[in-house]
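K.L.:
Right, I'll just put the structure down here and ask away after.
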Amino acid sequence: KLQARYLVRPRSPVTMQRASICQRQSAGMPSMAITKAPRALSSVAVALAACAAVVAAQPATADAADEPAMCRGLPNGGEAEHALLQRRSAVSIARGSEPAEEEEEEEDEDDCYTVLEGEPCYAHVHWAWIHGIYGYPQWYSGLTPASSFEDFQAYMHEHRPELCPMPCTAGLRPSAGEACVSRAVRLDFFNAELSHNNLGGLGPDTGSADMRYKHVGNRSGEPFDLVVTATSPFRSHRQSRNGLAKGGKYGLINMASGTSVDLTFSFEDSLSGTPVVLDAFHFSFLDIDQGNTVKERISVDGFESYALYDPTDVAVDLDGEGGAVFSSTRFGAGCDNPRDPFTLGEVTCKGQTINQKSRAVTLLFSNTSSFSATMELACEPGRWCGTGRNILFAGSSSLASSCEEAPRLGLCAAFGDPHFVTFDGAHTVIMEDKVIWLVHS
C-alpha cells in the first residue's frame, strides 16, 4: 500500500530504480510504534521513514535538488524534517556552493505567489498546516486549525522570506474584531440534543441544576456540549418551554416578567465532561423585543466584538470594561419570532412589517470555554408587568451577511485512485487509508 500510494509517478527508469531502492531499504526498516495516534499518522510515519531511507542510500555527493520522487509533497515532521534539511545543507556546503548575495528591495504588493506541491516551501507550509498547528500550536502565533493554507504560507514568509514567497491571498487572514470570521467553531442547535433540562433546579428533570445541549459542536473531530447554569435565583413562567424552540434551530429560556437571572454558558467534552476551550465561536441573541410594560435586557461580557444590523432596534450600552447591555426598543409578539437563525428577514406580524435582523445581535468570543450573561425582564414601575417572555439564543446567524467579512476560498475534496495526476493548486492530504487532494475552488 505504501509503494502504491507514494510511488505512482510516470514510469521512467529513474522511478523504477527509486522504487527498487525503497523496497530494499524498507525490507530492513525497524518497526515503529505510535501510541494513541490515528492510522493516518502511522502511514505518514512509515512514509517518512521510507523517504529517509532512500535519502540515506544516496551518495554523499548527490545533488541536493535530486529529491526522491516519493519524498515530494510528503509532510515532514519533527526531527525527521530537520535531519533531512541538515543533510541537504551539508551536501550543498561540501560541493562548495555559496548563497548568492541578495539585494534588499521593497516588497511589491503585486509580487505574490501561492506555492504548489513539489516546491521547496510547500513541504514546510503543508506540514505546519496539517500537523504542526495541532502538535505545536505555540509555534504558530495568530494561527488556528481553521487558518487556511495561505495563512500558514504568509506566516512562513514572515519568518523565512528567503524560503517562502508571500501568497496572493495573505490579506484574507481573519483579524480580531470581525464577528463573522471563518475561524469560529460552529454551534449547531438543530442537530443538538437537549439531554438534561433542570435550569435552576426547577425541572422537569432531576439531578444537576442546569440545561445540557449535547453534541452542540465539534472541535477537531471531538463532540462537545453546551451547559447552561443559573448562578443566581431563577424564576420561570412556563418551565416546560425551556430547552429547544420548536424545530430545534435555537435554544430557549422562559423567564417570569420582573425577574433577572445570571447565567453561565460553558462548553464541555461530551465524553469526559472536561472544559473545552474554543479558539473562537459566535453566539447570537434573537428576538430582542418587548411587551407593553416589560423590556428585555441582556448583559454580556468577555466578548471580542459584536455585530448588529443597520438599522437596528437594539439599544447598546457599553460599560467600558469589555461588557455591554443589549436592550429592546420595539414591541414584539409571537408571530414575529424567527424560525431559523440563518433565515432572518422581514415578516408581517399583526399588520406590521418587522425585520428580524434588526432585533438580533451576534457576538464573537475567542479562546475561552465559557462566558457569562445576565437576562432581565424589566417592568415599568407601578404597572402590571405581564406573565413571562422567552429569551432565544443560537450560534451564528444571518447577521454574518451584514459584516464586512473578507471572502475566503472554498475547498473541494477529490477522492479516488491516487494514480491520476493532480492539477495545479492541489494539496495532498492523508485521511486514514485514503489520499485526497484539497483543491481551491
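K.L.:
Do we find a residue being modelled with pLDDT under 85 and part of a loop (DSSP other than H, G, I, E, B) anywhere in the stretch 122-130?
P.N.:
no
K.L.:
Can you name the residue in the stretch 339-363 that is more than 16 Å from Val314 (Cβ to Cβ) and in contact (Cβ under 8 Å) with a residue 40 or more places away in the chain and is also most open to solvent (accessible area, probe 1.4 Å) among such residues?
P.N.:
So in the stretch 339-363, the residues more than 16 Å from Val314 (Cβ to Cβ) come out as 339-340, 342-343, 345-353.
Filter again for in contact (Cβ under 8 Å) with a residue 40 or more places away in the chain, leaving 339-340, 342-343, 345.
Numbers: Arg339: 204, Asp340: 28, Phe342: 110, Thr343: 93, Gly345: 19 Å².
Looking at the filtered set, the residue picked out is Arg339.
K.L.:
Take the residues in the stretch 202-217 that are surrounded by fewer than 14 Cβ atoms within 10 Å (Cβ to Cβ) and touching a residue at least 12 places away in the same chain (Cβ under 8 Å), then tell me which one is nearest to Val277 (Cα to Cα). Step through it out loud before you land on a result.
P.N.:
Step one: list which residues in the stretch 202-217 are surrounded by fewer than 14 Cβ atoms within 10 Å (Cβ to Cβ), which gives 204, 206-208.
Now drop any that are not touching a residue at least 12 places away in the same chain (Cβ under 8 Å), which leaves 204, 208.
Numbers: Pro204: 30, Ser208: 22 Å.
Only one residue tops the list, namely Ser208.
K.L.:
How many residues does the stretch 278-297 hold that are modelled with pLDDT of 95 or more and surrounded by fewer than 18 Cβ atoms within 10 Å (Cβ to Cβ)?
P.N.:
Here the count works out to 0.
Rundown of residues vs (1) modelled with pLDDT of 50 or more; (2) touching a strand residue (DSSP E or B) at 6+ places or on another chain (Cβ under 9 Å), yes/no style:
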| residue | (1), (2) |
| --- | --- |
| Gly142 | yes, no |
| Ala146 | yes, yes |
| Glu158 | yes, no |
| Pro174 | no, yes |
| Gly177 | no, yes |
| Val181 | no, yes |
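K.L.:
Looking at the stretch 244-261 only, could you name the residues that are surrounded by fewer than 16 Cβ atoms within 10 Å (Cβ to Cβ) and either β-branched (Val, Ile, Thr) or on the phi < 0 side of the Ramachandran plot (or both)?
P.N.:
Of everything in the stretch 244-261, just one residue is surrounded by fewer than 16 Cβ atoms within 10 Å (Cβ to Cβ) and either β-branched (Val, Ile, Thr) or on the phi < 0 side of the Ramachandran plot (or both), namely Lys246.
K.L.:
Sticking with this structure for a sec: Take the residues in the stretch 138-158 that are in contact (Cβ under 8 Å) with a residue 12 or more places away in the chain and assigned to a loop (DSSP other than H, G, I, E, B), then tell me which one is nearest to the chain's Cα centre (by Cα). Explain how you work it out, then say what you get.
P.N.:
In the first step, residues of the stretch 138-158 are kept if they are in contact (Cβ under 8 Å) with a residue 12 or more places away in the chain; the result is 140, 142-157.
Filter once more, so that each one left must be assigned to a loop (DSSP other than H, G, I, E, B): 140, 142-148.
Working: Tyr140: 15, Gly142: 13, Leu143: 10, Thr144: 7, Pro145: 6, Ala146: 4, Ser147: 8, Ser148: 10 Å.
Taking the candidates together, the pick is Ala146.
K.L.:
So, one more: Any residue in the stretch 379-393 that is open to solvent by 20 Å² or more (accessible area, probe 1.4 Å), modelled with pLDDT of 85 or more, in a strand (DSSP E or B) and in contact with a helix residue (DSSP H, G or I) (Cβ under 9 Å, 6 or more places away or on another chain)?
P.N.:
Checking the stretch 379-393: at least one residue is open to solvent by 20 Å² or more (accessible area, probe 1.4 Å), modelled with pLDDT of 85 or more, in a strand (DSSP E or B) and in contact with a helix residue (DSSP H, G or I) (Cβ under 9 Å, 6 or more places away or on another chain).
K.L.:
Can you find a residue in the stretch 236-243 that is open to solvent by 40 Å² or more (accessible area, probe 1.4 Å) and modelled with pLDDT of 95 or more? Walk me through it before giving the result.
P.N.:
Residues of the stretch 236-243 open to solvent by 40 Å² or more (accessible area, probe 1.4 Å): 237-238, 240-241.
Then keep just the ones that are modelled with pLDDT of 95 or more; that gives none.
No - not one qualifying residue is present in the stretch 236-243.
K.L.:
Which fully enclosed strands (runs of 3 or more DSSP E) of the stretch 249-298 have 1 or more residues being among the β-branched types (Val, Ile, Thr)? Write out each step before concluding.
P.N.:
Working: elements: 251-256, 260-269, 278-286.
So the answer is 251-256, 260-269.
The values are calculated or read from the model by the stated rules, or taken from the named source; none is laboratory data. For clarity, every value in this text was computed on a predicted model and none was experimentally measured. FYI the Cβ positions are ideal-geometry reconstructions off the backbone, even for glycines, and counts take in every protein chain you see. We work out accessible area using only protein heavy atoms, side chains counted, and drop any ligands, DNA or RNA first. Shrake-Rupley method; radii C 1.70, N 1.55, O 1.52, S 1.80 Å.
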